[in-house]
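The values are calculated or read from the model by the stated rules, or taken from the named source; none is laboratory data. Owing to the predicted nature of the structure, the values given are computational and were not obtained by experimental measurement. Positions of Cβ are generated from backbone atoms using ideal geometry, with glycine treated the same way; all protein chains shown enter the neighbour counts.
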Amino acid sequence: MLTLNHFLILSGVLFSIGTIGVFLRRNLITILLSIEIMLNAVNLTFVAAGRYIGTVDGQIITFFVMTVAAAEAAVGLALVISLFRHRETLSPEAFTSLKW
Amino acid sequence: MDANIISFYIFAVIAVLASLGVVGQRNPMHSVMLLIVSFGALAGLYVLLDAPFSAVTQIIIYAGAIMVLFLFVVMLLNAHTEDDIPKTTIGPRALRIGVLLSLLLGVEVAVALSRLGITSFNNDPGMVSAISSVSRIGTQLFTTHSFAFEVTSILILVSMVGAVVIARREH
């Protein structure tokens, strides 16, 4: 019997994998990909919760999250291209000019 | 064991392994490919949740559009491998703290979920057909959520102009 718990646990596991990626990787593109994993984990929670309470609102929020993810990817990748032009590297350690 | 739960475990294992691969790969190209696999598995899970609209948008928008954008940038920058970690800026201690924080988050989520009882889905056929109907999603989207929908169009416009301005080569 498929329950809401199955989906919530899977979503928690995926979200944790995404945070590990953000903390561990030293590559701006992989960090953006890890953020996408986290967004997808949250989408899965929304759809599962919407299925549980019996409304389509979960799917509608998923639709909006996808739109925001597309906008975030476009601006984020433009920033990555612009940073790569300045420093010739993708490592976040190279972009510490604003660090106190 | 019914067919639904077997499909759930197959898709869940694919999604988790592909996501681990995304985080573990050093070549960004392989990471993007594995993330597309993970999104395919998530689309399968949406079908199990009677959300065919979300499954299709997941494939078309995420795997089709966003991941192609990532692939373009990976190929444009021609950065096949990650730079080695400079010893001066980040030590193994900082990495260990990062992994520890992530695992802590996982434990927190597990504790929060264990407080929730077993909650099975309502399989009333009328409700299932209502939530899987695309026309119902469209009606809700353009009536109840019409303001959010219009704001989204402004967001897309702003991000489009922003991406062009930020990535423009300075003369």
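Is at least one residue of the stretch B:40-49 part of a helix (DSSP H, G or I), over 20 Å from residue A:54 (Cα atoms), in contact with a Leu (Cβ under 8 Å, 6 or more places away or on another chain) and more than 7 Å from every other protein chain (Cβ to nearest Cβ)? Taking every residue of the stretch B:40-49 in turn, none turns out to be part of a helix (DSSP H, G or I), over 20 Å from residue A:54 (Cα atoms), in contact with a Leu (Cβ under 8 Å, 6 or more places away or on another chain) and more than 7 Å from every other protein chain (Cβ to nearest Cβ).
Counting just the residues of the stretch A:80-100 that are in a loop (DSSP other than H, G, I, E, B) and aliphatic (A, V, I, L, M), which one comes out nearest to residue B:72 (Cα to Cα)?
Our first condition is that a residue be in a loop (DSSP other than H, G, I, E, B); within the stretch A:80-100, this holds for A:88-91, A:95-100.
In the following step, the residues that additionally are aliphatic (A, V, I, L, M) were identified as A:90, A:98.
Numbers: A:90: 15, A:98: 29 Å.
Going through the qualifying residues, I end up with A:90.
Report whether or not residue A:96 is surrounded by fewer than 16 Cβ atoms within 10 Å (Cβ to Cβ), within 8 Å of chain B (Cβ to nearest Cβ) and farther than 24 Å from residue B:141 by Cβ. Against the criterion (surrounded by fewer than 16 Cβ atoms within 10 Å (Cβ to Cβ), within 8 Å of chain B (Cβ to nearest Cβ) and farther than 24 Å from residue B:141 by Cβ), residue A:96 qualifies. Look at the stretch B:12-32: where a residue is on the phi < 0 side of the Ramachandran plot and a partner is surrounded by fewer than 16 Cβ atoms within 10 Å (Cβ to Cβ), sitting 6+ places away or on another chain with Cβ atoms under 6 Å, you get B:26/B:81; B:27/B:80; B:32/B:71. Beta carbons closer than 9 Å, at least 6 apart along the sequence or on distinct chains, pair a first residue in the stretch B:59-80 that is at the interface with chain A (Cβ under 7 Å from one of its Cβ atoms) with a second that is loosely packed, with under 13 Cβ neighbours inside 10 Å and of a type outside the set (Lys, Arg) for B:74/B:80. Filtering A:68, A:22, A:13 for residues that are within 30 Å of residue B:146 (Cβ to Cβ) and either modelled with pLDDT under 90 or within 14 Å of the chain's Cα centre (by Cα) (or both) leaves a single hit, A:68. In the stretch A:4-43, how many residues are out of contact with any Asp or Glu (no Cβ under 8 Å at 6 or more places or on another chain), facing chain B (nearest Cβ under 7 Å) and in contact (Cβ under 8 Å) with a residue 60 or more places away in the chain? Residues that pass the stated criteria total 1. Being exposed (fewer than 12 other Cβ atoms within 10 Å of the Cβ), of a type outside the set (D, E, K, R), at pLDDT 85 or above and farther than 16 Å from residue A:57 by Cα is a property that does not hold for residue B:105.
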